[in-house]
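> Dropping a structure here in structure tokens format, bear with me for questions.
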Amino acid sequence: MNDSWVKIYTSKDFFKSEMVRQFLVDNNIEAVILNKQGYPYNIGEIEVYVQPLFSLQAIELIAQNDL
């Protein structure tokens, strides 16, 4: 992943972040997760990134589907 990716979602729940990522992939938007939680206590956040071209579409899909 390089600097051209845009963060569109943040959560402390890994499974919810993965659900958002998979939802975007299912809607033909390439998405990746960056897990910033520290081991062993899982303190921190998980971020979902997409390409800038798809950022508005991804945000709208997340909002429309209450994710």
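> If you go through segment 9-26 one residue at a time, do you hit one that is loosely packed, with under 13 Cβ neighbours inside 10 Å and on the phi > 0 side of the Ramachandran plot?
Looking through segment 9-26, none of the residues is loosely packed, with under 13 Cβ neighbours inside 10 Å and on the phi > 0 side of the Ramachandran plot.
> Another question, if that's okay. Only one of (1) of a type outside the set (Ser, Thr, Tyr); (2) in contact with a strand residue (DSSP E or B) (Cβ under 6 Å, 6 or more places away or on another chain); (3) within 16 Å of Leu67 (Cα to Cα) is not met by Trp5, so which one is it?
The failed condition is (3).
> Next up: So if I check each of Ala31, Ala58, which one is surrounded by 10 or more Cβ atoms within 10 Å (Cβ to Cβ), touching a Lys or Arg at 6+ places or on another chain (Cβ under 6 Å) and hydrophobic (A, V, I, L, M, F, W, C)?
On inspection, the qualifying residue turns out to be Ala31.
> I'd like to verify a number: residues in segment 15-67 that are out of contact with any Ser or Thr (no Cβ under 9 Å at 6 or more places or on another chain), closer than 15 Å to Ser4 by Cβ, in a helix (DSSP H, G or I) and in contact (Cβ under 8 Å) with a residue 24 or more places away in the chain, how many?
Result for segment 15-67: 3.
None of the figures in this text is laboratory data; all of them are computed from the coordinates on show. From a predicted model like this one, the values you see are computed outputs, not experimental measurements. When we count neighbours, we look across all protein chains shown, and the Cβ atoms used for this are built from the backbone with ideal geometry, even at glycine.
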